[in-house]
1. What do you reckon, is A:Ala150 among the small types (Gly, Ala, Ser), buried (at least 21 other Cβ atoms within 10 Å of the Cβ), without any contact (Cβ under 8 Å) to a residue 40 or more places away in the chain and not assigned by TED's automatic domain parsing to the domain that holds A:Tyr32?
2. Just one of the numbered conditions (1) within 24 Å of B:Leu237 (Cα to Cα); (2) open to solvent by less than 30 Å² (accessible area, probe 1.4 Å); (3) at pLDDT below 90 is not true of B:Asn115; which one?
3. Which of (1) more than 9 Å from chain A (Cβ to nearest Cβ); (2) touching a helix residue (DSSP H, G or I) at 6+ places or on another chain (Cβ under 7 Å); (3) within 30 Å of B:Tyr147 (Cα to Cα); (4) not small (Gly, Ala, Ser) is the odd one out, the single condition B:Glu272 does not satisfy?
4. Residues in the stretch B:52-75: is at least one touching a Cys at 6+ places or on another chain (Cβ under 7 Å), at the interface with chain A (Cβ under 7 Å from one of its Cβ atoms) and part of a helix (DSSP H, G or I)?
5. Can you confirm whether A:Thr129 is among the hydroxyl-bearing types (Ser, Thr, Tyr), assigned by TED's automatic domain parsing to the domain that holds A:Glu166 and either free of Cβ contacts under 8 Å to residues at least 40 places away in the same chain or open to solvent by less than 20 Å² (accessible area, probe 1.4 Å) (or both)?
6. Could you check B:Ala88 against (1) in contact (Cβ under 8 Å) with a residue 40 or more places away in the chain; (2) within 10 Å of chain A (Cβ to nearest Cβ); (3) crowded, with 22+ Cβ neighbours inside 10 Å; (4) not hydroxyl-bearing (Ser, Thr, Tyr) and say which number it fails?
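The values are calculated or read from the model by the stated rules, or taken from the named source; none is laboratory data. Please read these numbers as outputs of a predicted model, since none were measured by experiment. We place every Cβ from the backbone using ideal geometry, glycine too, and count neighbours over all the protein chains shown. Surface areas here come from the heavy atoms of the whole protein model, side chains and all, with no ligands, DNA or RNA. Shrake-Rupley method; radii C 1.70, N 1.55, O 1.52, S 1.80 Å.
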Amino acid sequence: MSALARPSIIGDALETAGAWLLALVWALPILYAFWTAFHPGEFATRFSLLAPWTLENFANAWNAAPFARYFLNTVVLVTMILAGQLVLCTLAAYAFARFTFVGHNVAFALVLVQLMIMPDVLIVENYRTMRLLGVLDTTLAMALPYMASAFGIFLLRQTFKTVPRELDEAARVEGCGPLQTLWKVYVPLAKPVYIAFGLVSVSYHWNNFLWPLIVTNSVSTRPLTVGLAVFSGSDQGIDWSIITAATFLSVAPLLVAFLLFQRQFVQSFMQAGIK
Amino acid sequence: MRSKGWGVLIAGPRAGARVTRSARNMAHLYGWLLLLPAAALLALFTHYPALGTIYHSFYSTPRANRPSVYVGLDNYQSMVEDPVFWQAVTNNLIFCIGTIPASIALALLMAVWVNGKIRGRGLLRTAFFTPTILPMIAVANIWMFFYTPDYGLIDQIRGLFGLPGFNWLGTRNTALWCLIVVTVWKEAGFFMIFYLAALQQIPPDLSEAAAIEGSSRWYFFRRVTFPLLMPTTLFVLVNAVINSFRMVDHVVVMTRGGPDNATSLLLFHIYEVGFKFWDVGYAAALTVVLLAVLALVALGQFFALDRRIHYR
């Protein structure tokens with residue numbers, strides 16, 4: 001940027017001010033809710049800089065609903081989905097990247113269908129299937145529709161295609177079979193993509209709501225999002241301080257991880273988006 | 001022997017002359033075996049339900065002592081006569097018009113700012129992006145608190161100017177717009193990331209050349225940057241459209257479709273019909289409409305897709 005491109009200092013200052021104003025508007029809801037969560041209930045509706053700080057809302061929320069259990073459920077769910085996705089998508093991506101098998105083009109097009117028609121919209125039929133399989137109200141039922149991720153297959157296929165064939169051939173000369181080559185050559189080279197995909201997948205499924213709401217029906221399976229909705233939706237008299245505390249409780253691991261590894265998160269989402 | 005067989009084949013065209021029939025068969029076998037687990041789950045939870053939806057939309061809902069029977073277009077007939085369906089479709093269109101252009105424009109603005117040499121851009125990026133990683137449920141909770149009549153943040157600010165409290169989520173004219181605001185707030189930062197990635201791919205010599213030519217930044221943006229970002233805009237647009245038909249978490253938490261169906265979106269209506277009234281036959285017919293919309297989006301993307309973008 002040379003001086004020629006910027007006609008006025010005032011213009012620049014206005015732009016900076018505009019950017020900051022928008023950022024403030026964007027940050028304000030979270031900051032205010034955060035403030036509310038750490039102050040006694042009577043200040044939720046009456047902002048005062050002098051209000052005393054407290055952790056009581058968090059304690060009350062934690063005791064009012066089985067959040068520990070919900071946490072466990074979400075962690076198990078997210079882990080199960082990610083593990084399934086990593087295995088299934090790796091194998092499928094490898095097939096598409098390096099094998100010319102009969103019908104591979106049609107198969108690939110059929111995989112890509114899921115980018116448009118996500119399991120999120122097929123709730124009625126998938127519920128029917130889960131009932132037939134007898135897995136309603138289980139973590140498996142929440143996880144199954146998302147395990148074969150078209151997005152993951154596509155992302156990994158693009159990555160595997162960039163692996164030089166020489167490396168592949170070298171592994172073959174060493175006597176590696178297809179799976180060994182995949183494990184020793186392709187997977188290590190795709191590590192950044194795996195991290196990116198993992199972050200995107202974990203944040204998506206940590207936050208997913210509608211399908212878990214439909215297939216779960218008990219405390220022992222409900223993930224955090226559904227638990228939080230049940231908690232704030234129950235007619236126990238609305239106490240905003242406790243609800244905001246519960247909200248931050250539920251998102252804390254993801255939010256803290258994001259704020260600590262922000263660059264990694266942003267890079268991951270970028271990488272996943274460029275394709 | 002075995003490993004040699006598949007190896008020759010994956011070595012690609014250069015080794016083409018050496019490809020034997022048995023090696024080719026091995027590649028078919030390996031390809032399908034590797035694909036099989038993912039293909040099975042995709043077929044079971046994406047392809048089968050998509051087709052099953054169409055099939056079941058021609059059948060009545062099974063009841064206690066009345067099994068499901070073929071009813072032809074009856075479900076579609078009820079749909080056409082269902083005012084809530086039309087309301088949900090209208091709401092969804094308003095929702096699209098309200099959220100998509102606004103979030104794309106804001107995302108572009110944010111990306112240009114964060115990509116530039118603005119002071120404190122790290123903080124700006126955090127502020128813009130943080131809503132994206134929060135679950136919609138959390139976001140809905142936070143905003144419900146703001147929309148609370150009299151006590152919420154918005155009415156408190158209005159109170160400073162002597163304005164009376166207002167039931168934002170409980171009034172037909174404002175409820176849907178409340179959801180639109182929440183959605184734009186949550187989505188803009190997400191789309192910003194894609195624009196940011198694209199902006200970083202534009203070579204800096206372009207803007208330097210333009211600066212030497214003396215063109216204004218706005219002119220440069222309009223004539224160079226924006227056209228270069230077109231593929232990203234298309235990608236973001238498709239995602240935004242899909243999202244507006246896929247995401248109803250905020251409706252479930254904030255308004256439950258009310259007041260008087262003023263905030264019912266298509267997928268929320270499906271959810272209500274399918275899981276509140278357990279009318280699965282009708283819910284299937286409604287889902288067919290949703291699938292048709294998504295298929296249209298896919299076709300639109302296919303035809304609008306820049307020829308230069310191709311899958312290698």
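1. Criteria met by A:Ala150.
2. (2)
3. (2)
4. Within the stretch B:52-75, not a single residue is touching a Cys at 6+ places or on another chain (Cβ under 7 Å), at the interface with chain A (Cβ under 7 Å from one of its Cβ atoms) and part of a helix (DSSP H, G or I).
5. yes
6. Going through the list (1) in contact (Cβ under 8 Å) with a residue 40 or more places away in the chain; (2) within 10 Å of chain A (Cβ to nearest Cβ); (3) crowded, with 22+ Cβ neighbours inside 10 Å; (4) not hydroxyl-bearing (Ser, Thr, Tyr), B:Ala88 breaks only (2).
So that you can scan it fast, the table gives a plain yes or no per residue for (1) open to solvent by 30 Å² or more (accessible area, probe 1.4 Å); (2) assigned to a loop (DSSP other than H, G, I, E, B); (3) facing chain A (nearest Cβ under 9 Å):
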site	(1), (2), (3)
B:Gly159	yes, no, no
B:Pro164	yes, yes, no
B:Gly170	yes, yes, no
B:Leu176	no, no, no
B:Leu179	no, no, no
B:Met192	no, no, no
B:Ala197	no, no, yes
B:Ala209	yes, no, no
